[in-house]
1. Restricting to region 283-296, what's the tally of residues that are surrounded by 18 or more Cβ atoms within 10 Å (Cβ to Cβ) and closer than 16 Å to residue 314 by Cα?
2. Look through 110, 47, 56, 60 and report the one residue that is outside any strand (DSSP E or B), modelled with pLDDT under 90 and surrounded by 16 or more Cβ atoms within 10 Å (Cβ to Cβ).
3. Can you name the condition, by its number, that residue 115 falls short on among (1) surrounded by 17 or more Cβ atoms within 10 Å (Cβ to Cβ); (2) farther than 15 Å from residue 69 by Cα?
4. Of the conditions (1) crowded, with 17+ Cβ neighbours inside 10 Å; (2) in a loop (DSSP other than H, G, I, E, B), residue 242 clears all except one; give me its number.
5. Could you list all residues from region 325-341 that are under 17 Å from residue 281 (Cβ atoms) and surrounded by 12 or more Cβ atoms within 10 Å (Cβ to Cβ)?
6. Identify the single condition in (1) modelled with pLDDT under 90; (2) touching a helix residue (DSSP H, G or I) at 6+ places or on another chain (Cβ under 6 Å); (3) surrounded by 20 or more Cβ atoms within 10 Å (Cβ to Cβ) that residue 318 does not satisfy, given that it satisfies every other one.
7. Could you please find all residues in region 256-275 being part of a helix (DSSP H, G or I) and crowded, with 19+ Cβ neighbours inside 10 Å?
């Protein structure tokens, strides 16, 4: 067989090659510094690109505008000269018809409203309507081909999501701050507290109000609203800011455009707690003269279905009512002293 001579030949060749390489390195010690050899035997990793949200900002920022609202007051106390005060804020272009969402407190009592785009374009704005509960207002400018903010109708934000707040803090010009969503609220119309909002730690300063809160893809997450405040000035509160969730803001805008205001249904009860085993909530109190009172709902009743919708939480139940058109009758299914009862309630309009 010729296999053994072949193996012997290969082994000898390898041995001679190793001996030659060792001898070459001993005779020429600087050989291992040769650039060509280094390049030949080294595997250089390409430098990774730095993490950046520049693309997200570039998609969203053209639709974030600066808003200057002027309140002109004339009084004899001012020496017969009108006094003008300007309020600074931000807004978000929601569609190419010129509708802009902002905060109510940005334009409240304004006689003149000016909108300036990132491109430098300047437009006067008309107030279409507002909603005090969510602190939102809808403006309109007479312009076409405006940049609009990226939106996603089924967007669901989660605690821990990275968010970017875009606005014009302290009139410094368009600025981006970064944070995470600390807690999520609901998307319905029923609650008037902070629990209805997104809580996040992206800094909001004067002028940021009404600007866009976006995710890392540049999609609108919410409308920046306010920082947390309470009556105790001794507490140094940091990193607690709020934004109106996108779905709620879009719903409010739609109603304002259609009706000039937001119409909410009202039942007139307060709820105590949700019972998982009964899949319903306990009625704690019933307001006199309310729709619930007139229909015969009582404290202690356990409501487990409204209309065709089973109740999964107190907030979901209140949202069903809030989103029902006034003068609509709903069937409430409830337990009272061990009995199943159905009560028809004519929902009234909620008024502040």
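The values are calculated or read from the model by the stated rules, or taken from the named source; none is laboratory data. From a predicted model like this one, the values you see are computed outputs, not experimental measurements. Please note: Cβ atoms are built from the backbone with ideal geometry, for glycine as well, and neighbour counts cover all protein chains shown.
1. The qualifying residues number 3.
2. Values: 47 fails: surrounded by 16 or more Cβ atoms within 10 Å (Cβ to Cβ); 56 fails: modelled with pLDDT under 90; 60 fails: modelled with pLDDT under 90.
Checking each option against the conditions leaves just 110.
3. (2)
4. The number of the failed condition is (2).
5. Once the filter is applied, which keeps residues that are under 17 Å from residue 281 (Cβ atoms) and surrounded by 12 or more Cβ atoms within 10 Å (Cβ to Cβ), region 325-341 yields 330, 331, 332, 333, 334, 335, 336, 341.
6. (2)
7. The initial filter retains those residues of region 256-275 that are part of a helix (DSSP H, G or I), namely 256-259.
Scanning region 256-275 gives a single hit, 256.
Yes/no per residue for (1) more than 26 Å from residue 55 (Cα to Cα); (2) in contact (Cβ under 8 Å) with a residue 24 or more places away in the chain:
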site: 87; (1), (2): yes, no
site: 104; (1), (2): yes, yes
site: 107; (1), (2): yes, yes
site: 124; (1), (2): yes, no
site: 130; (1), (2): yes, yes
site: 135; (1), (2): yes, yes
site: 139; (1), (2): yes, yes
site: 145; (1), (2): no, yes
site: 155; (1), (2): no, yes
